[in-house]
Amino acid sequence: MAVSAHTGMAPDAQGVHRIDGRALRCARLLVLLRNHAARLPDGAIIHLGTADPVAPIDLPAWCWMTGHTYRGTVPVPGTATYGVRVTATPVPTELDAPWRVAR
């Protein structure tokens, strides 16, 4: 199953919200994830596909910082994909620097 761009907010048949972030790196990937998660209910699951080699480090750290739950790698052929469980009460981050907690 390939990760495809998600244009709506409805989950797929498995209840998962899929995000195609393969063209993004670092900060842009986190901005995409943060903005998408902000529109989802508590407990929603996101599968984020990316080509960013630092994602296995950045995503768990960002989830820990914001209160979302990092669910690890998701088996998707041909695309590195990571799972995130959304919290209803995330710690806000700076708009242009999603790796920094907002003050």
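Below are the figures for this structure:
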{"quantity": "Matching residues in region 51-70 - criterion: being buried (at least 20 other Cβ atoms within 10 Å of the Cβ) and either without any contact (Cβ under 8 Å) to a residue 12 or more places away in the chain or in contact with a Phe, Trp or Tyr (Cβ under 7 Å, 6 or more places away or on another chain) (or both)", "calculated": "ALA55, LEU59, TRP62, CYS63"}
{"quantity": "THR81 being among the hydroxyl-bearing types (Ser, Thr, Tyr) and in contact with a Gly (Cβ under 9 Å, 6 or more places away or on another chain)", "calculated": "yes"}
{"quantity": "Qualifying positions in region 71-97 - over 20 Å from PRO41 (Cα atoms) and crowded, with 17+ Cβ neighbours inside 10 Å", "calculated": "VAL74, THR79, ALA80, THR81"}
{"quantity": "Region 90-103 residues that are over 15 Å from ALA37 (Cβ atoms), paired with ones that are among the basic types (Lys, Arg) (beta carbon under 9 Å, 6 or more apart)", "calculated": "GLU94/ARG100; GLU94/ARG103"}
{"quantity": "Residue match in region 26-38 (condition: outside any helix (DSSP H, G or I) and basic (Lys, Arg))", "calculated": "no"}
{"quantity": "Count of residues meeting criterion [under 8 Å from the mean Cα position of the chain (by Cα) and of a type in the set (Val, Ile, Thr)] in region 19-33", "calculated": "1"}
{"quantity": "Condition met for ARG103 (in a loop (DSSP other than H, G, I, E, B) and basic (Lys, Arg))", "calculated": "yes"}
{"quantity": "Yes/no for HIS17 being touching a Leu at 6+ places or on another chain (Cβ under 9 Å), part of a helix (DSSP H, G or I) and not aliphatic (A, V, I, L, M)", "calculated": "no"}
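Rule-based calculations on the coordinates, nothing more; no lab input. Keep in mind that what you see is a predicted model, and the values were worked out from it rather than measured. Neighbour counts run over all protein chains shown; Cβ positions are idealised from the backbone, glycine included.
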